[in-house]
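Before any comments, here is the structure.
The values are calculated or read from the model by the stated rules, or taken from the named source; none is laboratory data. Here the structure is a predicted model, which means the values were calculated and not measured. Methodologically, a virtual Cβ is constructed for each residue, glycine included, from the backbone with ideal geometry; neighbour enumeration extends over all protein chains shown. Areas reflect the complete protein model, heavy atoms only, side chains present, ligands, DNA and RNA absent. Shrake-Rupley method; radii C 1.70, N 1.55, O 1.52, S 1.80 Å.
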Amino acid sequence: MKTKRIRTRQEPLFPRWIAMVLIVALCMGAWVAKLYDLQIVRGEDFIKKAERTGVQTVDIDAARGEILDADGNELVVNTIGRNIVFNKAYMRDADMNQVVLRLCKLLEQNGETWKNKFPIYLDEQGEYQFYENRTADIKSIISFCRLQSYATAQNCVDALIKKYECEQYSPADALKIVSVRNQMRAEDYSFKYPYTFATGVSDDTVAVITENRAAFGYVSITNTTERAYLQGDLAPHVVGRVGAISATQYAALKDSGYKLNDVLGQFGIEAALESELRGEFGKREITYSSGGKVTSVVDTVAPQAGNTVYLTIQSDLQRAVQQALQKNIDDVKQKAKGRDSEGANCTGGAAIVMDVRNGAVLAMASAPTFNLATYAQDLGALSTDDVGTPLVNRAVNGTYPPGSVMKPSVALAGLSEGVIGLNETISCTHIYQRFLPEKFRCLGYHGATNVRYGLQVSCNIFFYETGFRLGIDRMNAYCKRLGLGVKTGIEIGEAEGVLAGRAQREAIGSTMGWFPGDTIQAAIGQSDNLFTPVQLASYISTIANGGTRCQAHLVQKVTDYTRTTLVSKDYNADPTVVEDMTDIAPVYYQAVQAGMRQAVLGGSVSSVLSRYPIALAGKTGTAQSGDGADHGLLAVYAPYDDPQICVVMVLEHGGHGYSAATGVRDILDAYFGLNTGDGASAETAIE
């Protein structure tokens, strides 16, 4: 009889080897199923994904808006140019040094340039040297190379030669390569950020590159818009220019979408209307394979061109004003016959024509001047001219004592405040009696003088007394309302000027205090008073039109790029009123206007302007400069009975206010279409 085998506790119910076989079989099955899914079911999709391993989005530049004059004549437009662009999706890093060197030599051969911001050059002795006035760039290079602050140019170049493996090249060739490679690094050259090596290259250069694409590393030749300044010598201070964005500008604007290789308006309307002119980037997707081959390029967002800006400037008038200003300066120098007090050292000046009805600047000239078309080449000389300072727009940033041009504002304040009557007379005996033995003088002996005669002969005694009765605070309240010592709001930026008084001296921390003698000096346009020509034009326009001060403006309107759709208001038709002074009785304006009319008929400019066929009103000013001959100022508006324009001319160290009479006459001729120039000149000395 068989005995029943009893299973011990240690024996498995199911053999282990069978369990292992089942586990392996299950795993193999899962693996085979996965392989089937990957290779058979979804194989084609994965092959496509394997071939498409990268997608980069890059910006497409937008055309910058254009700038036109008031009549639609083109001042700044876009032309089509060709750029050489390094696109990482197409180029091999290993070939970069040779490609850069070949391109540099090609452009040199064709008399062209490439983008070069490197602050180091090779001198005649074959030594590397830092450029002067490039402190920020030099510090950046030293920091990148991790050198001490006292590192030399040679130290910097040596470090870059090692980094970019340029040891086998000559010093000159190595400098070309490292300067470009360093700039590529600074601009974050990558798949996302292509690098623009050169702009505006010639057809000959493009032909050589396209015929030898492999030798030039398959660089991209891209069409782009370039700024063309069609009349570069016309209102250059107003129009302005674009330039490469600086490191400081980039730091401030990078969050607004600007890139290191962008251009940016640097001054003038190009800078002031940057947001309107800039446009909006488009977007392009570049897809490339694991081998670096581009598989597709798709534009996903079209670029949007910037807007077109119409200026208030009238081109023909602007050119006439520029010519009249320069001719007047030249004539003053010639007639001075070497006498500085008569204007032999007249260094420059400014002239403005403003529409008194709406504050539109019809012409704005500053001398010496420059040409936007050759600005880049001339910049070195322009920047170092400390005497002529041609880059300064004297019309908005030059500040001058107004001299007797200030007197109409004091007359209006005195009449409005009742401290002088319309027919009240003040006795002029050449010496102001109130502060004797201190002697404040007049240029003449005018006897009994009322407000009209006081403006005609520019009697200091009359305005000393009017200023004393007003006091500085009341006098300045009117001056501010008229726009003196107050920014006009013009788009291109401006100096604020200085309105003399206690507040001004306290603001600068002066301990001089303020005294009645200061007040009477301020009343004749001296003391601390300093105003810009555009402020003077705005002030005289306000008196001429009877009390409405409009914001001075250079922009008439803004349209879309096609010039068909208005995107702003028409600032000429709908000006911005910044001060309404029509609360002052019209009779007081009329009295001041009559005095200014008499100043033209019987004052210092009468020999030039009294017989002008259109009735004029105005005021001259001879202002102490403190550093040479007096400045000469003349402000005129016309026609007297129905004012349209105000003309202001300032001659730095011009000697006398009446020195500007012939220049102002020539400007009036240009505006009214006349030809009255007869060679006459003002010779009297009433200011």
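For Leu253 and Thr152, calculate 0.36 nm times their separation in residues minus their Cα-Cα distance, and state this gained length in nm to one decimal.
33.2 nm
Which of the residue pairs Lys335/Lys619; Lys254/Lys283; Lys337/Lys619 have a Cα-Cα distance greater than 20 Å in the structure shown?
Working: Lys335/Lys619 22 Å; Lys254/Lys283 17 Å; Lys337/Lys619 26 Å.
In this structure, Lys335/Lys619; Lys337/Lys619 lie more than 20 Å apart at Cα.
Work through the residues other than Ile520 whose Cβ is under 13 Å from its Cβ and net out their charges, Lys, Arg +1 and Asp, Glu -1.
Values: positive: Lys407, Arg434, Lys439, Arg441, Arg469; negative: Glu438, Glu465, Asp518.
Computed value for this residue: +2.
Report the net charge of residues surrounding Thr548, where surrounding means a beta-carbon distance below 13 angstrom and charges are Lys +1, Arg +1, Asp -1, Glu -1. Don't jump to the answer; show the numbers that get you there.
Numbers: positive: Arg357, Arg481, Arg549; negative: Asp355, Glu579, Asp580, Asp583.
After counting each charged neighbour, the total is -1.
How large is the charge dipole for the chain, taken about the Cα centre, if only the Cβ atoms of Lys, Arg (+1) and Asp, Glu (-1) carry charge, to the nearest 20 debye? The partial results should precede the final answer.
On the way: 65 positive and 75 negative charges, 732 e Å.
About 3520 debye.
Please list, in order along region 220-232, the HN-Hα scalar couplings obtained from phi with the Karplus expression 6.51 cos²θ - 1.76 cosθ + 1.60 (θ = phi - 60°), rounded to whole Hz, x for Gly and Pro.
Once θ is set to phi - 60°, the couplings for region 220-232 become 8, 9, 10, 7, 8, 8, 10, 6, 10, 9, 5, 10, x Hz.
Compute the acute angle (0 to 90°) between the alpha-carbon long axis of helix 16-36 and the principal axis of greatest extent of the alpha-carbon atoms of the chain; round to the nearest 10°.
Long axis of 16-36 versus the principal axis of the chain: about 50 degrees.
Let me know the shape class of region 194-332, please: from the alpha-carbon gyration tensor, a ≥ b ≥ c as square roots of the eigenvalues, rounded when a/c is under 1.5, otherwise prolate if a/b is greater than b/c, or oblate.
Values: a/c = 2.82, a/b = 1.93, b/c = 1.47.
Because a/c hits 1.5 or more and a/b exceeds b/c, region 194-332 counts as prolate.
What shape does the chain have by the C-alpha gyration tensor, where a ≥ b ≥ c are the square roots of the eigenvalues, rounded means a/c under 1.5, and otherwise prolate means a/b greater than b/c and oblate the rest? Write out the running numbers ahead of the final one.
Details: a/c = 2.85, a/b = 2.41, b/c = 1.18.
Prolate.
Take each of the peptides 537-548, 92-103, average the number of other beta-carbon atoms within 10 Å over its residues, and list them starting from the highest.
On the way: 537-548: 24.8, 92-103: 17.2.
Output ranking for 537-548, 92-103: 537-548, 92-103.
Give the peptides 391-399, 450-458, 562-570 in descending order of average Cβ contacts within 10 Å, highest first. It would help to have the intermediate numbers written out before the result.
Details: 391-399: 22.9, 450-458: 24.6, 562-570: 11.3.
Ranking, from highest mean packing down: 450-458, 391-399, 562-570.
Cross-link partners among lysines for Lys162, C-alpha distance below 29 Å, same-chain residues fewer than 8 apart left out?
Cross-link targets: Lys88, Lys105, Lys115, Lys117, Lys139, Lys176, Lys192, Lys259.
For the chain, take the longest principal axis of its alpha carbons; what is the angle in degrees between that and the long axis of helix 407-417, to the nearest 10 within 0 to 90?
80 degrees
Just to confirm the number: angle between the C-alpha axis of helix 661-672 and the first principal axis of the chain, 0 to 90 degrees, nearest 10?
Approximately 70 degrees, to the nearest ten.
At 1.4 Å probe size, with every protein chain present, just tell me what the per residue accessible area of region 375-449 comes to in Å².
Details: 3450 Å² over 75 residues.
Result: 46 Å² per residue.
Straight-line reach from Lys34: which lysines have Cα under 28 Å away, leaving out those fewer than 8 places along the same chain?
Once the sequence-local lysines are set aside, what remains near Lys34 is Lys48, Lys49.
Below 12 angstrom from the Cβ of Leu160, what's the summed charge of the other residues (Lys, Arg +1; Asp, Glu -1)?
Working: positive: Arg146, Lys162, Lys163, Lys176, Arg181, Arg185; negative: Asp158, Glu165, Glu167.
Spelling it out: positives minus negatives among the neighbours equals +3.
At a 1.4 Å probe, what is the % contribution of carbon and sulfur to the accessible area of the chain?
Numbers: 16330 of 32340 Å².
Using a 1.4 Å probe with all protein chains present, the chain comes out at 51 percent carbon and sulfur.
How much accessible area per residue does region 530-648 have, counting only protein heavy atoms and a probe of 1.4 Å, in square angstrom? Each step should come with its number before you reach the end.
Values: 4050 Å² over 119 residues.
Per-residue value: 34 Å².
In terms of the Cα gyration tensor, with a ≥ b ≥ c the square roots of its eigenvalues, is region 64-134 rounded because a/c is under 1.5, prolate because a/b exceeds b/c, or oblate?
Values: a/c = 2.76, a/b = 1.54, b/c = 1.79.
Oblate.
Per DSSP H run of n ≥ 4, the term is -39500 (n - 2.57); total these for the chain, divide by its residue number, and report the mean residue ellipticity at 222 nm rounded to 500 deg cm²/dmol.
Working: 24 runs with 245 residues, N = 687.
Estimated from H runs of four or more residues: -10500 deg cm²/dmol.
Straight-line reach only, C-alpha to C-alpha below 19 angstrom: list the aspartates and glutamates that Lys163 could link to, leaving out same-chain residues fewer than 8 apart.
Straight-distance partners of Lys163: Asp93, Asp95, Asp137, Asp173, Glu187, Asp188.
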